[in-house]
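Input: a single structure, listed below in structure tokens.
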């Protein structure tokens, strides 16, 4: 049923998966609605009248509802066009999740909290919830909910982009002390790949397990990189003459075939250097965590 409902009869969904709304974006939406009208009605459900006189609850369209509340505060609009649908808590939460999955602004943690609520309160499994939501891989559910193992401080770092989703995923399975050790590796520029992060997390778990044992295993002797260090120095020395007068500049007229051979060799050299760098970063991460 489609009807206009006074704003003072509608309340938001307190369990709305998306909890953070950009105020400037809301103001821009409110201005657009004021000038052009509401392009898509919100969806609400009837509820038992609460202590504040609310008779409906928002299911889908939280941003549009909030924008109307801004217009209401300015004396511009006092009602909103709504689709009214009857549904229980279970279906309401599913619809709220489905709407927010289509929006890039929903954070991984907000998504995780919504999933966990469905798992805890409505007897879904990751597989059945994924099917209900139309998600093809159930691992997305477990991947997201694992993030809830982060400490509050580390959740904040994830929200601010200080640590990546990959780093946060591996960090979340660690103890609070282990998470701090892992965070130091991230801040040092280590644990930057999925493989390095996984191995670092495993090393931290192993180290904490050894600390609880009567006999702690000795840390293996660390191999010397002197030979590699010398080879890198030689490579740098060999390249220096090309830059003695500043950035390298190719002659104006060159043999295209010779140029292509040099380019291919440089591509191979770049791939080899990148592989060495990646492996050194991975090993340094594990060694620092051990």
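Read-outs: derived from the displayed coordinates by stated rules, not from any lab. These numbers come from a predicted model, not from an experiment. Cβ: placed from backbone, ideal geometry, glycine included. Neighbour counts: every protein chain shown.
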> Which residue, 169, 56, 115, tops the fluctuation ranking in a GNM of the chain built on C-alpha contacts under 10 Å?
Replying inline: 56
> Rounded if a/c is under 1.5, else prolate if a/b is larger than b/c, else oblate: which is segment 107-149, with a ≥ b ≥ c the root eigenvalues of its Cα gyration tensor?
Replying inline: oblate
> What distance in nm separates the simple spin-label points at residue 287 and residue 194, each placed 7 Å from Cα in the Cβ direction?
Replying inline: 2.6 nm
>> What distance in nm separates the two pseudo spin-label positions at residue 132 and residue 120, each 7 Å out from Cα along the beta-carbon direction?
In response: 1.6 nm
> How many angstrom lie between the C-alpha centres of segment 182-199 and segment 25-58?
Replying inline: 44 Å
> In what order do 89, 233 fall by count of nearby beta-carbon atoms within 10 Å, going from fewest to most?
Replying inline: 233, 89
>> Semi-axes of the equivalent ellipsoid for the chain, please: Cα gyration tensor eigenvalues, times 5, square-rooted, ordered largest first, whole Å.
In response: 53, 30, 16
> Which residue fluctuates the most in the chain, going by a Gaussian network model with Cα springs under 10 Å, if the choices are 81, 228, 185?
Replying inline: 228
>> Given axes a ≥ b ≥ c from the Cα gyration tensor, I'd like to know whether segment 65-186 is rounded (a/c under 1.5), prolate (a/b larger than b/c) or oblate.
In response: oblate
> So how tilted is helix 108-121 from the main axis of the chain? Cα-based, degrees 0 to 90, rounded to 10.
Replying inline: 60 degrees
> Among 278, 107, 224, whose mean-square fluctuation peaks in a Gaussian network model of the chain (Cα, cutoff 10 Å)?
Replying inline: 224
> What shape does segment 123-255 take by its C-alpha gyration tensor, where a ≥ b ≥ c are the square roots of the eigenvalues and a/c under 1.5 counts as rounded, a/b above b/c as prolate, and the rest as oblate?
Replying inline: oblate
> Using Cα atoms only, what is the angle between the long axis of helix 176-187 and the major principal axis of the chain, expressed in degrees (0 to 90) to the nearest 10?
Replying inline: 60 degrees
> Relative to the first principal axis of the alpha-carbon coordinates of the chain, what is the inclination of helix 62-73, with its axis defined by its Cα atoms, in degrees from 0 to 90 and to the nearest 10?
Replying inline: 60 degrees
> At 222 nm, what helix-only mean residue ellipticity would the chain give, in deg cm²/dmol to the nearest 500, using -39500 (n - 2.57) for each DSSP H run of four or more?
Replying inline: -18000 deg cm²/dmol
> What percentage of all Cα-Cα pairs in segment 2-101 are separated by more than 20 Å?
Replying inline: 35 percent
